[in-house]
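Peer 1: Handing you this structure, nothing more for now.
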């Protein structure tokens with residue numbers, strides 16, 4: 001785990017060392033889908049040629065829980081190569097976390113089966129989020145594709161940091 005954290009820190013410092021430039025974001029709006037560990041809708045509003053705000057509505061589900069989040073991010077976009085930009089940012093999220101009801105069966109020594117069921121419960125979900133990624137603007141097309149990592153720190157449920165879980169692929173229509 002320590003090697004992974006050092007790798008992320010080194011990658012971040014390397015990307016921050018590029019010279020500043022402008023005109024990375026060429027449209028005011030971009031909307032589309034986000035796919036990965038959490039699936040949902042993404043909308044980006046351009047504030048300046050190198051800055052934007054992004055909102056994400058996402059749903060994440062597994063066998064034990066279901067999570068709905070509304071994420072807000074403030075992003076900085078930098079040129080990387082022709083039609084490629086990289087970006088980083090920060091923000092937060094609010095949502096709900098619902099733990100699903102779980103039924104367990106245990107066989108007793110006498111051969112009978114005991115069934116135990118836990119009730120489902122819901123909690124408020126709050127987190128601090130970050131994002132770092134790369135975006136490719138498809139030439140002669142209003143579409144762009146981005147790949148990113150969006151680590152977050154949960155305040156309430158497990159009070160844990162998720163670094164490698166929230167990988168995402170976004171496909172956006174720019175207008």
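Peer 1: For segment 53-96, compute the orientation-averaged projected area of the C-alpha convex hull (one quarter of its surface), in nm².
Peer 2: That works out to 4.1 nm².
Peer 1: May I have the convex hull volume per residue, in Å³, for the Cα set of segment 73-175? Numbers along the way, then the final one.
Peer 2: Details: hull volume 16.6 nm³, N = 103.
Dividing the Cα hull volume of segment 73-175 by its residues yields 161 Å³.
Peer 1: How would you order 84-92, 117-125 from highest to lowest mean count of nearby Cβ atoms within 10 Å?
Peer 2: Final packing ranking: 84-92, 117-125.
Peer 1: Given R₀ = 45 Å, what would the calculated FRET efficiency be for residue 107 paired with residue 155, taking r from the Cβ atoms and rounding to 0.05? Can you show the working numbers first?
Peer 2: Working: r = 40 Å, r/R0 = 0.88.
So, using R0 = 45 Å, E works out to roughly 0.70.
Peer 1: For segment 28-174, what's the relative contact order in percent, using C-alpha pairs closer than 8 Å and at least 6 residues apart?
Peer 2: On the way: 390 pairs, mean separation 32.0, N = 147.
Relative contact order, segment 28-174: 22 percent.
Values quoted throughout were computed directly from the atomic coordinates according to the rules given, and no laboratory measurement underlies them. From a predicted model like this one, the values you see are computed outputs, not experimental measurements. Virtual Cβ from ideal backbone geometry, glycine too; neighbours counted across all protein chains shown.
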